[in-house]
Amino acid sequence: MVAGGVRRGRRVALVVLVVVVALIAVAAAAGAVIKTRDDARAAQRSAAEYTPPPLTDPTPAARPIVAVVGDDSTSAAGPGVSQSERWTARVAAQQDVDVQTFASAGSSYLSKGSDGRTLAAQAARVPRNAAVVFVFGGARDATATPLRVSRAASQTISTVQARAPQAVVVLVGPVLSGGTDALTVADLRTNLQNVAGAFQIRFVDPVQQAWLNSTPSSGSRLTESDEQVLAARFGTIVAQLLPAN
(Lines give C-alpha, C1' and ligand atoms only; values in the text may rest on other atoms or scores of the structure.)
Protein backbone atom coordinates (compact mmCIF):
# COMPACT_ATOMS: atom_id res chain seq x y z
CA MET A 1 0.00 0.00 0.00
CA VAL A 2 2.76 2.37 0.91
CA ALA A 3 4.61 1.67 -2.37
CA GLY A 4 1.46 2.28 -4.41
CA GLY A 5 0.89 5.58 -2.65
CA VAL A 6 4.42 6.68 -3.42
CA ARG A 7 4.02 5.86 -7.10
CA ARG A 8 0.75 7.82 -7.29
CA GLY A 9 2.42 10.78 -5.56
CA ARG A 10 5.26 10.73 -8.09
CA ARG A 11 2.83 10.67 -11.03
CA VAL A 12 0.93 13.62 -9.60
CA ALA A 13 4.17 15.53 -9.09
CA LEU A 14 5.26 14.75 -12.65
CA VAL A 15 1.93 15.94 -14.05
CA VAL A 16 2.19 19.13 -12.02
CA LEU A 17 5.75 19.70 -13.32
CA VAL A 18 4.68 19.21 -16.91
CA VAL A 19 1.80 21.63 -16.45
CA VAL A 20 4.10 24.23 -14.88
CA VAL A 21 6.65 23.91 -17.71
CA ALA A 22 3.87 24.23 -20.30
CA LEU A 23 2.53 27.35 -18.60
CA ILE A 24 6.03 28.88 -18.52
CA ALA A 25 6.48 28.14 -22.23
CA VAL A 26 3.11 29.71 -23.06
CA ALA A 27 3.94 32.76 -20.99
CA ALA A 28 7.36 33.12 -22.68
CA ALA A 29 5.79 32.83 -26.12
CA ALA A 30 3.17 35.40 -25.26
CA GLY A 31 5.88 37.71 -23.93
CA ALA A 32 7.90 37.32 -27.13
CA VAL A 33 4.86 38.17 -29.25
CA ILE A 34 4.17 41.25 -27.14
CA LYS A 35 7.85 42.28 -27.30
CA THR A 36 7.89 41.86 -31.09
CA ARG A 37 4.75 43.98 -31.43
CA ASP A 38 6.24 46.69 -29.18
CA ASP A 39 9.49 46.68 -31.17
CA ALA A 40 7.55 46.97 -34.44
CA ARG A 41 5.54 49.92 -33.12
CA ALA A 42 8.73 51.60 -31.87
CA ALA A 43 10.37 51.10 -35.27
CA GLN A 44 7.35 52.60 -37.02
CA ARG A 45 7.43 55.63 -34.75
CA SER A 46 11.16 56.10 -35.36
CA ALA A 47 10.67 55.83 -39.11
CA ALA A 48 7.86 58.38 -39.03
CA GLU A 49 9.95 60.80 -36.97
CA TYR A 50 13.19 60.32 -38.95
CA THR A 51 14.33 63.26 -41.05
CA PRO A 52 16.90 62.26 -43.68
CA PRO A 53 19.97 64.50 -44.00
CA PRO A 54 19.98 66.93 -46.93
CA LEU A 55 21.40 65.59 -50.17
CA THR A 56 24.86 66.86 -51.00
CA ASP A 57 26.44 67.19 -54.39
CA PRO A 58 29.01 64.48 -55.10
CA THR A 59 32.62 65.58 -54.87
CA PRO A 60 33.74 66.40 -58.41
CA ALA A 61 36.48 64.20 -59.79
CA ALA A 62 39.87 65.83 -60.08
CA ARG A 63 40.61 67.12 -63.56
CA PRO A 64 43.33 65.33 -65.52
CA ILE A 65 46.70 67.04 -65.22
CA VAL A 66 48.39 68.21 -68.41
CA ALA A 67 51.97 69.26 -67.71
CA VAL A 68 53.97 71.45 -70.07
CA VAL A 69 57.76 71.53 -69.90
CA GLY A 70 58.92 74.42 -72.03
CA ASP A 71 60.52 77.78 -72.76
CA ASP A 72 59.34 81.30 -73.58
CA SER A 73 56.46 79.98 -75.68
CA THR A 74 54.98 78.61 -72.47
CA SER A 75 56.29 80.95 -69.79
CA ALA A 76 56.05 84.43 -71.32
CA ALA A 77 53.12 86.34 -72.79
CA GLY A 78 53.40 88.91 -75.53
CA PRO A 79 52.45 92.59 -75.12
CA GLY A 80 48.77 93.02 -74.31
CA VAL A 81 48.15 89.30 -73.79
CA SER A 82 46.42 88.56 -70.48
CA GLN A 83 46.92 85.41 -68.48
CA SER A 84 43.47 84.13 -69.47
CA GLU A 85 44.41 84.58 -73.13
CA ARG A 86 47.51 82.40 -72.86
CA TRP A 87 47.30 79.16 -74.82
CA THR A 88 47.75 77.13 -71.64
CA ALA A 89 44.78 78.85 -69.96
CA ARG A 90 42.65 78.37 -73.07
CA VAL A 91 43.44 74.64 -73.24
CA ALA A 92 42.60 74.26 -69.55
CA ALA A 93 39.21 75.92 -70.01
CA GLN A 94 38.30 74.33 -73.34
CA GLN A 95 39.35 70.78 -72.47
CA ASP A 96 38.46 70.88 -68.75
CA VAL A 97 41.95 69.87 -67.66
CA ASP A 98 44.44 71.17 -65.13
CA VAL A 99 47.33 72.61 -67.14
CA GLN A 100 50.49 72.98 -65.07
CA THR A 101 53.54 74.65 -66.61
CA PHE A 102 57.20 74.07 -65.84
CA ALA A 103 58.95 76.56 -68.07
CA SER A 104 61.13 79.64 -68.10
CA ALA A 105 62.39 82.15 -70.65
CA GLY A 106 65.63 81.03 -72.25
CA SER A 107 65.29 77.41 -71.21
CA SER A 108 66.25 74.68 -73.68
CA TYR A 109 67.69 71.18 -73.62
CA LEU A 110 71.20 72.57 -73.18
CA SER A 111 70.61 76.11 -71.90
CA LYS A 112 69.39 77.21 -68.49
CA GLY A 113 66.44 79.55 -68.45
CA SER A 114 65.76 82.59 -66.30
CA ASP A 115 65.11 80.35 -63.31
CA GLY A 116 68.40 78.48 -63.75
CA ARG A 117 66.82 75.30 -65.13
CA THR A 118 67.21 73.39 -68.37
CA LEU A 119 64.24 71.46 -69.80
CA ALA A 120 65.52 68.32 -68.06
CA ALA A 121 65.56 70.16 -64.74
CA GLN A 122 62.05 71.43 -65.41
CA ALA A 123 60.97 67.86 -66.19
CA ALA A 124 62.00 66.78 -62.70
CA ARG A 125 59.12 68.91 -61.34
CA VAL A 126 56.34 67.22 -63.32
CA PRO A 127 53.54 65.82 -61.08
CA ARG A 128 53.63 62.07 -60.64
CA ASN A 129 49.92 61.80 -61.50
CA ALA A 130 50.14 63.78 -64.75
CA ALA A 131 48.02 62.30 -67.53
CA VAL A 132 49.76 64.06 -70.42
CA VAL A 133 53.17 65.74 -70.56
CA PHE A 134 54.26 68.02 -73.39
CA VAL A 135 57.96 68.78 -73.78
CA PHE A 136 57.84 71.88 -75.97
CA GLY A 137 60.75 73.96 -77.23
CA GLY A 138 64.48 73.79 -77.81
CA ALA A 139 65.01 76.52 -80.43
CA ARG A 140 68.11 77.80 -78.64
CA ASP A 141 69.82 74.47 -79.30
CA ALA A 142 69.57 74.88 -83.08
CA THR A 143 73.32 75.51 -83.47
CA ALA A 144 74.46 72.87 -80.95
CA THR A 145 75.92 69.54 -82.06
CA PRO A 146 73.27 66.87 -82.69
CA LEU A 147 74.88 64.45 -80.24
CA ARG A 148 74.68 66.91 -77.33
CA VAL A 149 71.07 67.76 -78.13
CA SER A 150 70.15 64.10 -78.50
CA ARG A 151 71.63 63.24 -75.12
CA ALA A 152 69.97 66.18 -73.38
CA ALA A 153 66.59 65.52 -74.99
CA SER A 154 66.83 61.83 -74.07
CA GLN A 155 67.61 62.77 -70.49
CA THR A 156 64.57 65.06 -70.44
CA ILE A 157 62.21 62.35 -71.70
CA SER A 158 63.68 59.79 -69.30
CA THR A 159 63.15 62.19 -66.41
CA VAL A 160 59.52 62.74 -67.38
CA GLN A 161 58.84 59.02 -67.68
CA ALA A 162 60.47 58.33 -64.33
CA ARG A 163 58.45 61.08 -62.66
CA ALA A 164 55.09 60.27 -64.28
CA PRO A 165 55.20 56.65 -65.52
CA GLN A 166 51.50 56.61 -66.45
CA ALA A 167 51.61 59.82 -68.48
CA VAL A 168 51.46 60.05 -72.25
CA VAL A 169 54.54 62.01 -73.28
CA VAL A 170 54.51 64.16 -76.41
CA LEU A 171 57.68 65.76 -77.77
CA VAL A 172 56.94 69.04 -79.53
CA GLY A 173 59.54 70.87 -81.59
CA PRO A 174 59.98 74.63 -81.32
CA VAL A 175 57.70 77.09 -83.06
CA LEU A 176 59.31 79.67 -85.33
CA SER A 177 59.59 83.10 -83.76
CA GLY A 178 61.88 86.07 -83.45
CA GLY A 179 63.23 85.80 -86.99
CA THR A 180 64.18 82.12 -86.72
CA ASP A 181 63.61 80.28 -89.98
CA ALA A 182 62.91 76.66 -90.80
CA LEU A 183 66.40 76.05 -92.20
CA THR A 184 68.04 77.13 -88.92
CA VAL A 185 66.15 74.53 -86.89
CA ALA A 186 66.03 71.81 -89.55
CA ASP A 187 68.70 69.61 -87.94
CA LEU A 188 67.24 70.20 -84.50
CA ARG A 189 63.79 69.08 -85.64
CA THR A 190 65.21 65.92 -87.23
CA ASN A 191 67.20 65.22 -84.09
CA LEU A 192 64.18 65.60 -81.82
CA GLN A 193 62.10 63.42 -84.11
CA ASN A 194 64.73 60.68 -83.84
CA VAL A 195 64.74 60.95 -80.06
CA ALA A 196 60.96 60.60 -80.00
CA GLY A 197 61.23 57.55 -82.24
CA ALA A 198 63.78 55.94 -79.93
CA PHE A 199 61.39 56.38 -76.99
CA GLN A 200 58.38 55.40 -79.09
CA ILE A 201 56.51 58.56 -78.20
CA ARG A 202 54.66 61.03 -80.38
CA PHE A 203 56.57 63.84 -82.08
CA VAL A 204 54.82 67.01 -83.24
CA ASP A 205 56.56 69.40 -85.62
CA PRO A 206 55.07 72.92 -85.48
CA VAL A 207 57.34 74.04 -88.33
CA GLN A 208 56.30 71.28 -90.70
CA GLN A 209 52.66 71.81 -89.74
CA ALA A 210 53.04 75.61 -90.09
CA TRP A 211 51.55 76.44 -86.72
CA LEU A 212 52.80 80.04 -86.68
CA ASN A 213 54.35 82.57 -89.02
CA SER A 214 58.13 82.69 -88.92
CA THR A 215 58.16 86.26 -87.58
CA PRO A 216 55.34 87.10 -85.15
CA SER A 217 54.66 90.82 -84.99
CA SER A 218 55.85 91.03 -81.37
CA GLY A 219 59.27 89.56 -82.10
CA SER A 220 60.10 86.64 -79.80
CA ARG A 221 56.83 86.97 -77.86
CA LEU A 222 53.61 85.32 -78.97
CA THR A 223 50.72 87.53 -79.99
CA GLU A 224 47.13 86.96 -78.90
CA SER A 225 46.49 85.43 -82.32
CA ASP A 226 49.48 83.11 -81.86
CA GLU A 227 48.10 82.05 -78.48
CA GLN A 228 44.80 81.13 -80.11
CA VAL A 229 46.58 78.97 -82.68
CA LEU A 230 48.64 77.15 -80.06
CA ALA A 231 45.54 76.62 -77.92
CA ALA A 232 43.73 75.04 -80.86
CA ARG A 233 46.69 72.82 -81.76
CA PHE A 234 47.45 71.62 -78.26
CA GLY A 235 43.76 71.34 -77.44
CA THR A 236 43.23 68.98 -80.37
CA ILE A 237 46.05 66.74 -79.15
CA VAL A 238 44.71 66.71 -75.58
CA ALA A 239 41.23 65.79 -76.87
CA GLN A 240 42.76 62.90 -78.81
CA LEU A 241 44.71 61.61 -75.84
CA LEU A 242 41.94 62.07 -73.26
CA PRO A 243 38.80 61.18 -75.25
CA ALA A 244 36.78 60.32 -72.14
CA ASN A 245 37.57 63.62 -70.41
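Data overview
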| item | result |
| --- | --- |
| Residue, farthest from the chain's Cα centre (by Cα), within the range 58-72, restricted to residues that are at pLDDT 90 or above and buried (at least 22 other Cβ atoms within 10 Å of the Cβ) | Asp71 |
| Any pair with Cβ under 9 angstrom, 6 or more apart, that starts in the range 109-129 at a residue that is touching a residue at least 60 places away in the same chain (Cβ under 8 Å) and ends at one that is loosely packed, with under 15 Cβ neighbours inside 10 Å and in a loop (DSSP other than H, G, I, E, B) | Asn129/Ala62; Asn129/Gln166 |
| Single condition Ala244 does not satisfy, out of (1) aliphatic (A, V, I, L, M); (2) surrounded by fewer than 19 Cβ atoms within 10 Å (Cβ to Cβ); (3) at pLDDT 95 or above; (4) within 17 Å of Gln95 (Cβ to Cβ) | (3) |
| Failed criterion for Arg163 (all others in (1) over 21 Å from the mean Cα position of the chain (by Cα); (2) on the phi < 0 side of the Ramachandran plot hold) | (1) |
| Meets criteria (open to solvent by less than 50 Å² (accessible area, probe 1.4 Å) and at pLDDT below 95) for Ala123 | no |
| Subset of the range 125-155 [closer than 22 Å to Leu183 by Cα and among the hydrophobic types (A, V, I, L, M, F, W, C)] | Val135, Phe136, Ala139, Ala142, Ala144, Leu147, Val149, Ala152, Ala153 |
| Residue list for the range 78-108, filter: assigned to a loop (DSSP other than H, G, I, E, B), surrounded by fewer than 19 Cβ atoms within 10 Å (Cβ to Cβ) and in contact (Cβ under 8 Å) with a residue 24 or more places away in the chain | Pro79, Gly80, Asp96, Ala105, Gly106 |
| Any chance Phe134 is open to solvent by 30 Å² or more (accessible area, probe 1.4 Å) and in contact with a Leu (Cβ under 9 Å, 6 or more places away or on another chain) | no |
| Identity of the residue in the range 208-239, among the β-branched types (Val, Ile, Thr) and at pLDDT 90 or above, that ends up nearest to Ala139 (Cα to Cα) | Val229 |
| From the options Arg140, Arg117, residue that is among the basic types (Lys, Arg), open to solvent by 10 Å² or more (accessible area, probe 1.4 Å) and either closer than 15 Å to Glu227 by Cα or not in a helix (DSSP H, G or I) (or both) | Arg117 |
| Selection from the range 133-153 of residues that are over 30 Å from the mean Cα position of the chain (by Cα) and not hydroxyl-bearing (Ser, Thr, Tyr) | Arg140, Asp141, Ala142, Ala144, Pro146, Leu147, Arg148, Val149 |
| Tabulated pairs, the range 218-245, first assigned to a loop (DSSP other than H, G, I, E, B), second open to solvent by 40 Å² or more (accessible area, probe 1.4 Å) and at pLDDT 90 or above, C-beta under 7 angstrom, 6+ apart or interchain | Asn245/Gln95; Asn245/Asp96 |
| Per-region count, the range 153-174, residues open to solvent by less than 10 Å² (accessible area, probe 1.4 Å), part of a helix (DSSP H, G or I) and among the hydrophobic types (A, V, I, L, M, F, W, C) | 3 |
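One line per residue, one yes/no per condition, for (1) polar (S, T, N, Q); (2) surrounded by fewer than 20 Cβ atoms within 10 Å (Cβ to Cβ); (3) assigned to a helix (DSSP H, G or I):
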| site | (1), (2), (3) |
| --- | --- |
| Pro127 | no, yes, no |
| Leu147 | no, yes, yes |
| Asn191 | yes, no, yes |
| Phe203 | no, yes, no |
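The values are calculated or read from the model by the stated rules, or taken from the named source; none is laboratory data. As the structure is a computational prediction, the values presented were derived from the model and not from experiment. Neighbour counts run over all protein chains shown; Cβ positions are idealised from the backbone, glycine included. Surface areas here come from the heavy atoms of the whole protein model, side chains and all, with no ligands, DNA or RNA. Shrake-Rupley method; radii C 1.70, N 1.55, O 1.52, S 1.80 Å.
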